[in-house]
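Participant: Would you mind keeping the following structure in view while I ask a few things?
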Amino acid sequence: MLDDQMFKSVISSTPLISIDLIVKKDNVILLGRRVNKPAKGLFFSVGGRVFKEEKIKNALIRIAKNELSLDLKTTPRFLGVFEHFYTDSIYENVTTHYVNLAYEINLEKLGNLPSEQHSEYQWFTVEELQNSTQVHKYVKDYFEH
């Protein structure tokens, strides 16, 4: 892991690579209310950064475990590459740029969901999330056709 000052320099200078997991069950999508910047306070898909020298497959496994308490057995369906630009970050006066790899997971059931990144979870239909002011616009982009 990078120390705080090094991570601030990275965020200030380069895009980050991240993975978002679009969790579906019976035509509804699981979103969590973010507790950290960027997008703090809004509903967002679960996900996380890809670490240096970490294969994407391994990042998917780690993120599924950390964000969903899920032991990923198969590779989720790749939805595409998206770019997320934020005017904020965990640091004052620093913007954030993510190159985001989105994957869809269909689940029958979930265990206990962690609370480190999301204060609450909610299931949304695509129509509900598209119309909600509490869902971040970048989540809505995953469902634009």
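The values are calculated or read from the model by the stated rules, or taken from the named source; none is laboratory data. No experiment lies behind these values; they were computed from the predicted model shown. Every residue, glycine as well, gets a Cβ built from its backbone with ideal geometry; the counts of neighbours run over all protein chains shown.
Participant: Please work out which residue is nearest to GLY32 (Cα to Cα), limiting yourself to region 55-80 and to residues that are in a loop (DSSP other than H, G, I, E, B) and among the charged types (D, E, K, R).
Facilitator: So in region 55-80, the residues in a loop (DSSP other than H, G, I, E, B) come out as 55, 69-76.
With the extra rule that they be among the charged types (D, E, K, R), the set shrinks to 55, 71, 73.
Values: LYS55: 25, ASP71: 19, LYS73: 23 Å.
Looking at the filtered set, the residue picked out is ASP71.
Participant: Mind checking whether some residue in region 105-120 is modelled with pLDDT of 95 or more, polar (S, T, N, Q), part of a strand (DSSP E or B) and touching a Gly at 6+ places or on another chain (Cβ under 8 Å)?
Facilitator: No: zero hits.
Participant: Another question, then. Scan region 116-145 and report the pairs whose first residue is within 10 Å of ARG33 (Cα to Cα) and whose second residue is in a helix (DSSP H, G or I) and at pLDDT 95 or above, with Cβ atoms within less than 6 Å and a gap of 6+ or a chain change.
Facilitator: Pairs found: VAL135/LEU129.
Participant: Select from region 17-37 the residues that are surrounded by fewer than 17 Cβ atoms within 10 Å (Cβ to Cβ) and within 28 Å of ASN93 (Cβ to Cβ) and list them in ascending order.
Facilitator: Correct list: VAL35, ASN36, LYS37.
Participant: Can you tell me which residues in region 38-77 are surrounded by fewer than 17 Cβ atoms within 10 Å (Cβ to Cβ) and polar (S, T, N, Q)?
Facilitator: ASN58, ASN66, SER69, THR74, THR75, listed by residue number.
Participant: Something else about it: Find the residue count for region 52-90, including only residues that are at pLDDT 95 or above, under 22 Å from SER12 (Cβ atoms) and not acidic (Asp, Glu).
Facilitator: Matching residues across region 52-90 total 3.
Participant: Looking only at residues in region 95-112 that are surrounded by fewer than 17 Cβ atoms within 10 Å (Cβ to Cβ) and of a type in the set (A, V, I, L, M, F, W, C), which one is farthest from LEU70 (Cα to Cα)?
Facilitator: VAL99
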